[in-house]
Every structure is written in C-alpha cells, then in structure tokens.
Amino acid sequence: MRSQNRKIKAGAAAAAATVALALAPAGATADCANPSSGGISSGSGPCQAPAGAKAKLVNGEAIAPRSAPPRVKAVIAAANRIRNKPYRYGGGHARWNDSGYDCSGAVSYALHGGGFLDSPLPSGSFMRWEKRGLGRWITVYAHGGHAYAVIAGLRWDTSMTPGNGPGWSAKMRSSRGYVARHPARF
C-alpha cells in the first residue's frame, strides 16, 4: 500500500510539473529564470506571468498573461523572436524569417505565429482583414501607410518603440485615421 501511495504521489508531482511547464509564459527566456534554482519559480518575480488579461513588459520582452489563450501566447512568443531585428522596408514579406521587418511584416509575423495568417499582408490589406472593430486580445490598427497591433494590452509596432525595428510598448498611440480589425473570437 505504501509503495502504491508513493507511486501515486510521484505521478501527481510529475503531472503537476508538466502542467506548470505547459502554463509557463510563452517567450520566457533565461532572463526570467531564477538563477539560484535553475528553473521555474512559483514566487512573484518580475517575469512571472501576470494574472490579468494584460501582458507584462520585462526588458523589452512581452510576458503573456496566464489567462491568455494559447494562440495569443503564440503570437506574443513569435513577436518576441523578432523584437530586436532592424526596420527594413519590405522586410518580412518575401519570407517569414527575414533580416529585418517593416510594420506590416512585423505584425504579419506575430499573427502567423498564432496561426492567424498564412502569408504576410501589407498595411492596406489589414484594413479589410478579419473582423471590424476592437478585439478582446488582439487588435490590428491599419491605414494605407502603417500598421501596428495591440496584443494583450501591449502595443507591437515599428515606430514609437525602443530601438530601430519591431518592439513592444506599454504606451498607446493615437489610432486616429486607422481602421481597427481583429481575428474572430480574439
């Protein structure tokens, strides 16, 4: 009986560890690891996934909220992968993995990461993309010359962000003159 209880407890602990790893924030990096433990910490550190519906910005990287759907976490993880790439006009349109990205190329790359796009779109095409209005998790703002997105409460953009290319910002910009679009149910 004791041996059986130990096996059950060990199995439960393994299952809990698997669930904890699966729920870890998409895009978390070594910066977010607890160096003293070498692993994921349940404590409240700066890189712990936020409990609400808004992502957190840590050293320029977005940390998805725990409550975000998996596809939204995948969008954030994809955007994080290119956040240090330079701005390059036309970048991200001929191929997904590029040396630099323009505004709509960066938005396209992020959305592709969550399975929302099969091929990149130019800014003007985002004006007719998916559903009209604000989304719960993702809103793309577009006009003929620029596109940016607000994903889990953070702005993903190539202008008015740190650096010279795609990046995250907690500061919103005016959406005047832009059309707001969002993926269905997101």
In the set GLY144, GLY100, GLY133, which member is modelled with pLDDT under 95 and of a type in the set (Gly, Ala, Ser)? GLY144
Can you tell me which condition ARG185 does not meet? The list is (1) in a loop (DSSP other than H, G, I, E, B); (2) within 28 Å of ASN59 (Cβ to Cβ), and all the others hold. (2)
Inspect the range 176-184 for any residue being surrounded by fewer than 18 Cβ atoms within 10 Å (Cβ to Cβ) and under 17 Å from ARG71 (Cα atoms) and give the result as yes or no. yes
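Where in the range 58-142 are there helices (runs of 4 or more DSSP H), lying fully within it, with 2 or more residues that are of a type in the set (Ser, Thr, Tyr) and buried (at least 22 other Cβ atoms within 10 Å of the Cβ)?
Fully inside the range 58-142 and qualifying: 103-113.
The values are calculated or read from the model by the stated rules, or taken from the named source; none is laboratory data. Predicted model only: the values in this text are computed from it and were never measured. Note that we place each Cβ from the backbone using ideal geometry, even for glycine, and neighbour counts take in every protein chain shown.
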